[in-house]
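Heads up, the thing below is written out as structure tokens.
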Amino acid sequence: MTRTSRSNPTPASDSTFSDIGSRNGRIFHVLDPRQFDRGRLDELCALATRMRQYAKSRLGSRSFQTLLPHKRAMLYFTQPSTRTFLSFENACHLLGIRTSEIRDPAVSSEVKGESFEDSIRTFSSYADVIIMRTQGPGMASQSAALMDRIGRPVPIINAGSGRDHHPTQALLDIYTLGRSFEQRGGIDGKTIGLMGDLRRGRTVRSLAYLMKNYKDVRLIFIAPEEFAMEEDIKQDLRTADIAFDETDDPASVLADLDAIYITRLQKEHDLQDESSSFDHLRFRIGPEQLPSLRSDAVIMHPLPRGPELDPAVDDDPRAMYWRQERNGMWMRVALLVSIFEVDGELPR
Ligand code: NCD
């Protein structure tokens with residue numbers, strides 16, 4: 001195992017990124033996990049919890065419908081998605097937002113040769129927010145830059161940009177970690193293992209970036225060398241003075257973890273599939289690994305799963321991934337409420 005330096009940091013704030021996606025101090029575009037500082041993360045998590053509490057009553061959930069019925073969302077998902085698409089769609093519907101969708105570029109004018117930017121500009125003519133998942137990196141940022149040049153800019157939400165980033169997944173992961181550690185002082189001071197295809201996994205990349213907002217957190221990257229976390233993320237953690245270890249031996253660290261976040265092999269992000277070298281028997285959580293985990297550890301996975309997470313784990317009280325999935329909808333509700341600045345209209 002290798003170890004990098006650490007001192008006892010105060011969570012870093014990265015001034016270069018503090019203005020990304022913001023207008024007048026409010027969230028506008030959601031592009032990159034680096035645009036969220038601790039204050040904003042705490043605010044969004046509290047808002048998500050407040051919204052789900054209201055939704056428990058019929059009156060509360062009906063009042064949501066009156067928050068944003070004048071808004072329309074474009075769901076432009078040209079890469080496969082189940083949870084992210086459905087949770088955004090349902091978050092919109094909970095708030096009264098009407099939705100349109102394109103899920104297959106073969107049915108858009110892009111097949112006639114229309115440029116990506118012209119397509120995005122067209123969506124902005126009809127919708128008030130564009131939520132997009134793309135095969136390539138940087139396309140949400142490119143769309144946001146376009147919005148900043150046109151007369152009727154609408155917010156862009158990055159729902160997964162190639163193997164690069166997945167900021168709203170990272171937000172819901174933070175929300176899930178925070179709720180799981182509610183009685184244990186929150187995320188500060190926790191040891192979190194990220195295991196699997198860390199090199200090509202956008203969820204773990206984005207989550208690692210957000211970790212620098214928490215005090216005394218220790219990350220352990222658990223992966224075979226060929227699938228290790230990329231240098232850009234590690235460099236960012238070093239700059240923020242966040243401790244991380246790396247290992248290719250899961251058994252040596254399982255007992256240290258407050259949470260383990262497992263990811264599947266991201267075969268689709270490489271033309272040349274290198275996945276055959278991945279040893280699923282080693283980098284997995286199944287009934288055999290459960291006794292090594294602490295009794296209060298949390299097991300997370302962004303889903304969909306592959307052989308790295310045995311369905312037999314579902315019945316273990318430490319399995320948090322189905323709750324994590326539902327938390328995603330509430331975090332996306334909170335984001336939309338925040339972007340459209342209707343939090344002040346919620347009942348007190
Ligand atoms: C993730 C993704 O699409 O990156 N899924 C998701 O959004 N919940 C993780 C994955 O596909 O492995």
Q. From the residues in the range 76-130 that are within 16 Å of the ligand (Cβ to nearest atom) and β-branched (Val, Ile, Thr), which one is nearest to residue 338 (Cα to Cα)?
A. 84
Q: Any chance you could count how many residues in the range 147-175 are more than 16 Å from residue 36 (Cα to Cα) and polar (S, T, N, Q)?
A: 1
Q) Scanning for something surrounded by 14 or more Cβ atoms within 10 Å (Cβ to Cβ), away from the ligand (no atom under 15 Å from the Cβ) and under 16 Å from the mean Cα position of the chain (by Cα), does the range 212-221 turn up at least one residue? A) yes
Q: Inspect all residues belonging to the range 240-259 and state whether any of them is modelled with pLDDT of 95 or more, within 24 Å of residue 31 (Cα to Cα), out of contact with any Asp or Glu (no Cβ under 6 Å at 6 or more places or on another chain) and buried (at least 17 other Cβ atoms within 10 Å of the Cβ).
A: no
Q. Which condition breaks for residue 203 when tested against (1) within 14 Å of the ligand (Cβ to nearest atom); (2) part of a loop (DSSP other than H, G, I, E, B)?
A. (2)
Q: Name the one entry in 290, 309 that is more than 23 Å from the chain's Cα centre (by Cα) and not assigned by TED's automatic domain parsing to the domain that holds residue 47.
A: 290
Q: Output the number of the condition that residue 277 fails; it satisfies all remaining conditions of (1) modelled with pLDDT of 95 or more; (2) not assigned by TED's automatic domain parsing to the domain that holds residue 67.
A: (1)
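Per-residue answers, yes or no, for (1) open to solvent by less than 10 Å² (accessible area, probe 1.4 Å); (2) farther than 29 Å from residue 141 by Cα:
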site: 171; (1), (2): yes, no
site: 182; (1), (2): no, yes
site: 199; (1), (2): no, no
site: 224; (1), (2): no, yes
site: 234; (1), (2): no, no
Q. Got a sec? Which of 96, 138 is touching a strand residue (DSSP E or B) at 6+ places or on another chain (Cβ under 9 Å) and within 25 Å of residue 328 (Cα to Cα)?
A. 138
Q) Does residue 208 satisfy the criteria of being at pLDDT 95 or above and either within 16 Å of the ligand (Cβ to nearest atom) or open to solvent by less than 10 Å² (accessible area, probe 1.4 Å) (or both)? A) yes
Q: Among the candidates 284, 305, 332, 326, single out the residue that is surrounded by fewer than 21 Cβ atoms within 10 Å (Cβ to Cβ), under 30 Å from residue 61 (Cα atoms) and not hydrophobic (A, V, I, L, M, F, W, C).
A: 326
Q: Would you mention how many residues in the range 27-52 are hydrophobic (A, V, I, L, M, F, W, C) and either open to solvent by less than 10 Å² (accessible area, probe 1.4 Å) or on the phi > 0 side of the Ramachandran plot (or both)?
A: 7
Q) So which residues in the range 53-79 are over 19 Å from the mean Cα position of the chain (by Cα), open to solvent by less than 40 Å² (accessible area, probe 1.4 Å) and closer than 30 Å to residue 102 by Cβ, if there are any at all? A) 55, 61, 64, 67, 68, 73, 74
(Q) Of the residues 313, 342, only one is in contact (Cβ under 8 Å) with a residue 60 or more places away in the chain and either of a type in the set (Gly, Ala, Ser) or away from the ligand (no atom under 16 Å from the Cβ) (or both); which? (A) 342
Q: Name the residue, out of 194, 198, 177, that is part of a loop (DSSP other than H, G, I, E, B), closer than 20 Å to residue 309 by Cα and of a type outside the set (Lys, Arg).
A: 198
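The values are calculated or read from the model by the stated rules, or taken from the named source; none is laboratory data. What you see is a predicted model, and the numbers here were worked out from it, not measured in a lab. Positions of Cβ are backbone-derived with ideal geometry, glycine not excepted, and every protein chain shown enters the neighbour counts. With ligands, DNA and RNA removed, areas are computed over all heavy atoms of the protein, side chains included. Shrake-Rupley method; radii C 1.70, N 1.55, O 1.52, S 1.80 Å.
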